[in-house]
């Protein structure tokens, strides 16, 4: 069984958009809320059997209303909501706790809904990599010049072996869950699940990501996303 986790419980404290009186996850991106773009892709992946969405209590009812109004009965049956935690890591752990109750759970694929333009191809790249690796993450080779600044000291960093890490990130369920349990015991916090499992000796494969699969953190990125979404709509009409 392949299970998707969509993280949608963030506080979006760095996102300020005066045009919307809603949290980032619910802000309309062309014709649907931000979180729904990733959900549409995951619902279209035939090998994903269930989808868990981590949500904050403040937006949970809005998410429920959207699902009831826009998804078919069969799609609604695949989607489950999980109350998120205080951090992304805690939210994922809470979703894993629920998944652990299932008898069958082979792979889990995690994606941040703040990356609305994830493609089927990128999800496929991560999923198929799990046939050979215990963990795989979407990634992009760095093309910009990198500098490390420490006070007045500026150090050039060789970018030839540097990568930007994205989501989706896929794992064998036991590998990820065991690592999360250890992180709780060790009181360690990580910004993504790939880094978490690597800390416990798991080799992570770098699958191909996409330049369009960027994360919306600030309102300026949302403005860019609106332009892209509009153009994507025109292209597919």
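Here are the numbers for this structure:
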read-out	value
Sole exception among (1) in contact (Cβ under 8 Å) with a residue 40 or more places away in the chain; (2) under 30 Å from residue 159 (Cα atoms); (3) assigned to a helix (DSSP H, G or I) for residue 128, by number	(1)
Residues (under 19 Å from the mean Cα position of the chain (by Cα), part of a helix (DSSP H, G or I) and over 22 Å from residue 100 (Cβ atoms)) located in segment 51-66	63
Matching option when the condition is more than 26 Å from residue 133 (Cβ to Cβ) and loosely packed, with under 13 Cβ neighbours inside 10 Å, among 221, 155	155
Single residue of segment 131-152 satisfying the filter (in a strand (DSSP E or B) and over 24 Å from the mean Cα position of the chain (by Cα)) that is surrounded by the most Cβ atoms within 10 Å (Cβ to Cβ)	146
Scan of segment 9-48 for residues that are in contact with a strand residue (DSSP E or B) (Cβ under 7 Å, 6 or more places away or on another chain), modelled with pLDDT of 95 or more and either more than 17 Å from residue 77 (Cβ to Cβ) or assigned to a strand (DSSP E or B) (or both), ordered by number	35, 37, 38
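Residue-wise test of (1) surrounded by fewer than 17 Cβ atoms within 10 Å (Cβ to Cβ); (2) outside any loop (DSSP other than H, G, I, E, B); (3) touching a residue at least 60 places away in the same chain (Cβ under 8 Å); (4) out of contact with any strand residue (DSSP E or B) (no Cβ under 6 Å at 6 or more places or on another chain).
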{"residue": "82", "(1), (2), (3), (4)": "no, yes, no, no"}
{"residue": "85", "(1), (2), (3), (4)": "yes, no, yes, yes"}
{"residue": "89", "(1), (2), (3), (4)": "no, yes, yes, yes"}
{"residue": "104", "(1), (2), (3), (4)": "yes, no, yes, yes"}
{"residue": "110", "(1), (2), (3), (4)": "no, yes, yes, no"}
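The values are calculated or read from the model by the stated rules, or taken from the named source; none is laboratory data. Model, not experiment: these values are computed from the prediction. Note that we place each Cβ from the backbone using ideal geometry, even for glycine, and neighbour counts take in every protein chain shown.
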